[in-house]
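Let me begin by presenting the structure, written as C-alpha cells, before commenting on it.
The values are calculated or read from the model by the stated rules, or taken from the named source; none is laboratory data. In this text, all values refer to a predicted model and were calculated from it rather than measured experimentally. Virtual Cβ from ideal backbone geometry, glycine too; neighbours counted across all protein chains shown.
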Amino acid sequence: MATPQNIALIGYMGVGKSTVGRALSHKLHCGFYDTDEIIVQETGKSIEKIFDDDGEATFRKKETEVLKEILNAPAENGRVIACGGGLPLSKENQQLLKDNCFTVELICSDDVIAERIEADGTVRPLLAKLSSHEALLKEISKMKMTRRFYYESAADIKVETDILDMDDVLDSIMLFGEMWQNRRDRMV
C-alpha cells in the first residue's frame with residue numbers, strides 16, 4: 001500500500017494541525033510544511049502584524065502563494081502540510097487541495113479549542129479582541145459554523161483530535177490515506 005504524496009491538514013485554529021503534522025511527517029519520514037510558519041518566515045512579520053499592516057485579504061493571497069510554492073517544490077518522500085485555518089476559504093485553495101492532496105479535516109470540541117488557544121498564548125488576529133472565555137467560545141462556535149462548508153468541501157476525511165490519542169489520530173490518517181491513494185491509483 002502506498003501513502004499519498006501530499007497530505008494536507010485543515011481545520012479551525014487550535015485543532016492540532018501543526019502538532020499532528022509534525023508527528024505525522026516524522027512517522028512517514030517525509031517533509032513537514034506549516035503555511036503560517038512559512039508566511040511568517042517569508043514576510044518577516046507575525047501573522048498578527050500582517051493582518052494589522054496589510055489586512056486579511058493580503059494574508060489570504062499570501063496563503064495561496066505559499067500553498068502553490070509547497071506543492072511545486074520537490075518532495076521525494078512526500079510531504080505533510082499544516083494549512084492555516086482560513087486557507088480552505090478560497091475556492092482556488094480548495095481546488096489545489098482537491099487536485100494535489102489527501103486532505104484531512106482535524107476537528108475537536110469548542111471547549112477544547114478554547115482551552116488550547118488560551119494555553120497557547122499565540123495571538124490569533126481574528127480572536128485577539130475577545131475579553132472573556134465565554135466570548136471566545138461564542139466566537140469559535142460562530143466561526144466554525146461559517147467555515148464548515150469550506151472545510152467539508154476540501155476534506156476527504158475528518159479526524160477527531162480531542163477524543164483520539166495521537167497514535168490513533170496518526171493511524172487513522174495513514175489508514176484512510178492509503179485507501180484514498182489506492183483508489184486514485186486504480187482510477188488512473
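For (1) modelled with pLDDT of 95 or more; (2) more than 21 Å from Pro88 (Cα to Cα), each residue gets a yes or a no:
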{"site": "Ser131", "(1), (2)": "no, yes"}
{"site": "Glu134", "(1), (2)": "no, yes"}
{"site": "Met143", "(1), (2)": "no, no"}
{"site": "Asp156", "(1), (2)": "yes, no"}
{"site": "Val159", "(1), (2)": "yes, no"}
{"site": "Leu164", "(1), (2)": "no, yes"}
{"site": "Ile173", "(1), (2)": "yes, no"}
| said: Can you tell me which residue is surrounded by the fewest Cβ atoms within 10 Å (Cβ to Cβ) among those in the stretch 141-158 that are free of Cβ contacts under 8 Å to residues at least 60 places away in the same chain and not hydroxyl-bearing (Ser, Thr, Tyr)? | reply: Met145
| request: Go through the residues of the stretch 54-75 one by one and say whether even a single one is in contact (Cβ under 8 Å) with a residue 40 or more places away in the chain and basic (Lys, Arg). | output: no
| note | Within the stretch 21-38, residues out of contact with any Phe, Trp or Tyr (no Cβ under 7 Å at 6 or more places or on another chain), of a type outside the set (Lys, Arg) and surrounded by 14 or more Cβ atoms within 10 Å (Cβ to Cβ) come out as Ala23, Leu24, Leu28, Cys30, Gly31, Phe32, Tyr33, Asp34, Thr35, Asp36, Glu37, Ile38
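Listed residues Asp162, Asp185; which is part of a loop (DSSP other than H, G, I, E, B) and in contact (Cβ under 8 Å) with a residue 40 or more places away in the chain? It would help to see each step written out before you state the result.
Numbers: Asp185 fails: part of a loop (DSSP other than H, G, I, E, B).
Exactly one residue qualifies, and that residue is Asp162.
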| message | Cβ contacts < 8 Å: first residue under 25 Å from Leu164 (Cβ atoms) and at pLDDT below 95, restricted to the stretch 83-110; second residue small (Gly, Ala, Ser) and surrounded by fewer than 18 Cβ atoms within 10 Å (Cβ to Cβ), any location; separation 6+ or different chain. Result? | response | Asp110/Ser141
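State yes or no: is Val80 β-branched (Val, Ile, Thr), assigned to a helix (DSSP H, G or I) and either more than 13 Å from the chain's Cα centre (by Cα) or surrounded by 12 or more Cβ atoms within 10 Å (Cβ to Cβ) (or both)? First the steps, then the outcome.
Details: β-branched (Val, Ile, Thr): yes; assigned to a helix (DSSP H, G or I): no; either more than 13 Å from the chain's Cα centre (by Cα) or surrounded by 12 or more Cβ atoms within 10 Å (Cβ to Cβ) (or both): yes.
No; evaluated as a whole, the condition is false for this residue.
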| request: Return yes when Glu48 is in a loop (DSSP other than H, G, I, E, B), out of contact with any helix residue (DSSP H, G or I) (no Cβ under 6 Å at 6 or more places or on another chain), of a type in the set (Asp, Glu) and modelled with pLDDT under 95 and no when it is not. | output: no
| query | Are any residues in the stretch 130-140 surrounded by fewer than 18 Cβ atoms within 10 Å (Cβ to Cβ) and part of a helix (DSSP H, G or I), and if so, which ones? | reply | His133, Glu134, Ala135, Leu137, Lys138, Glu139
